[in-house]
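The structure appears right after this line, and notes come after that.
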Amino acid sequence: MGQIRIVQGDITRLEVDAVVNAANSTLLGGGGVDGAIHRAAGPDLLAACRSLGGCPAGEARITPGFRLPAKWVIHTVGPVWQGGERGESALLASCYRESLAVAKAHGVATIAFPAISTGVYGYPKQQAAAIALAAMREWVDDFEKIIACCFSAADADRYRKLCRECI
Ligand code: AR6
């Protein structure tokens, strides 16, 4: 039986099998958590991403973690918030599910997610957290540990309020 854990901090420091990156569809890096992951993993990550040829919103691709403590990086592309009636919620749920499916196929037991789409892409944080947790609950027993990695204390509080069973 797996567990969902809420952790506050920098996802690049986590000792897990896989970290998820909130990328853009080029997969060639950017700001926010994407920039932090590329900086920490080193230039080999960009070279590996180049060979993937991009990724549509709602899908996921995997590369090694290179200099990260994590063995793998799973790159997923969240939706840009456009008001909520352009399929954003289905795309965001798909990011979590597709990432978890790719992780499972690679034998990942421990995985950490950032709050996909809630930075530059503008997704309302409360709604995004509910979608993230719903997907994590669906898959929790396929993993030892799924971590929701929150960058700020306010984000971690939001997740904790939505998840009484989380650790
Ligand atoms: N560890 C954990 N979470 C982090 C970290 C970190 N080191 N840094 C930021 N966050 P964002 P998006 C949180 O903007 O909205 C990039 O340029 C941050 O506080 O990184 O999906 C890509 O290339 C927020 O809660 O991703 C895309 O172009 C969350 O990560 C675009 O931004 C997501 O914020 C994707 O936008």
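Some points to look at:
- Condition check for residue 148: within 19 Å of residue 79 (Cβ to Cβ) and open to solvent by less than 60 Å² (accessible area, probe 1.4 Å): yes
- Across region 118-147, the number of residues qualifying as more than 15 Å from residue 11 (Cα to Cα) and either modelled with pLDDT under 95 or among the small types (Gly, Ala, Ser) (or both) comes to 7.
- Pairs meeting the criteria (first residue in region 142-164 and without any contact (Cβ under 8 Å) to a residue 40 or more places away in the chain, second residue small (Gly, Ala, Ser), beta carbons under 8 Å, at least 6 apart or on different chains) are 158/129; 162/129; 162/130.
- Selected residue [hydrophobic (A, V, I, L, M, F, W, C) and in a loop (DSSP other than H, G, I, E, B)] from 111, 116: 116
- Residue check for residue 36: open to solvent by 20 Å² or more (accessible area, probe 1.4 Å), at negative phi, of a type in the set (A, V, I, L, M, F, W, C) and touching a Leu at 6+ places or on another chain (Cβ under 6 Å): no
- Residue 74 open to solvent by less than 10 Å² (accessible area, probe 1.4 Å), touching a helix residue (DSSP H, G or I) at 6+ places or on another chain (Cβ under 7 Å) and within 13 Å of the ligand (Cβ to nearest atom): no
- Wholly enclosed helices (runs of 4 or more DSSP H) of region 1-107 bearing at least 2 residues within 25 Å of residue 140 (Cα to Cα) and touching a residue at least 12 places away in the same chain (Cβ under 8 Å): 32-41, 88-105
- Within region 39-57, the set of residues being touching a strand residue (DSSP E or B) at 6+ places or on another chain (Cβ under 8 Å) and either open to solvent by 40 Å² or more (accessible area, probe 1.4 Å) or of a type in the set (S, T, N, Q) (or both) comprises 44, 52, 56, 57.
- Enumeration of residues in region 99-127 that are within 16 Å of the ligand (Cβ to nearest atom), of a type in the set (A, V, I, L, M) and either surrounded by 22 or more Cβ atoms within 10 Å (Cβ to Cβ) or at positive phi (or both): 111, 112, 115, 116
The values are calculated or read from the model by the stated rules, or taken from the named source; none is laboratory data. Just so it is clear, the structure is predicted and the values come from calculations on it, not from any experiment. All Cβ positions, glycine included, derive from the backbone under ideal geometry; neighbour counts span all protein chains shown. With ligands, DNA and RNA removed, areas are computed over all heavy atoms of the protein, side chains included. Shrake-Rupley method; radii C 1.70, N 1.55, O 1.52, S 1.80 Å.
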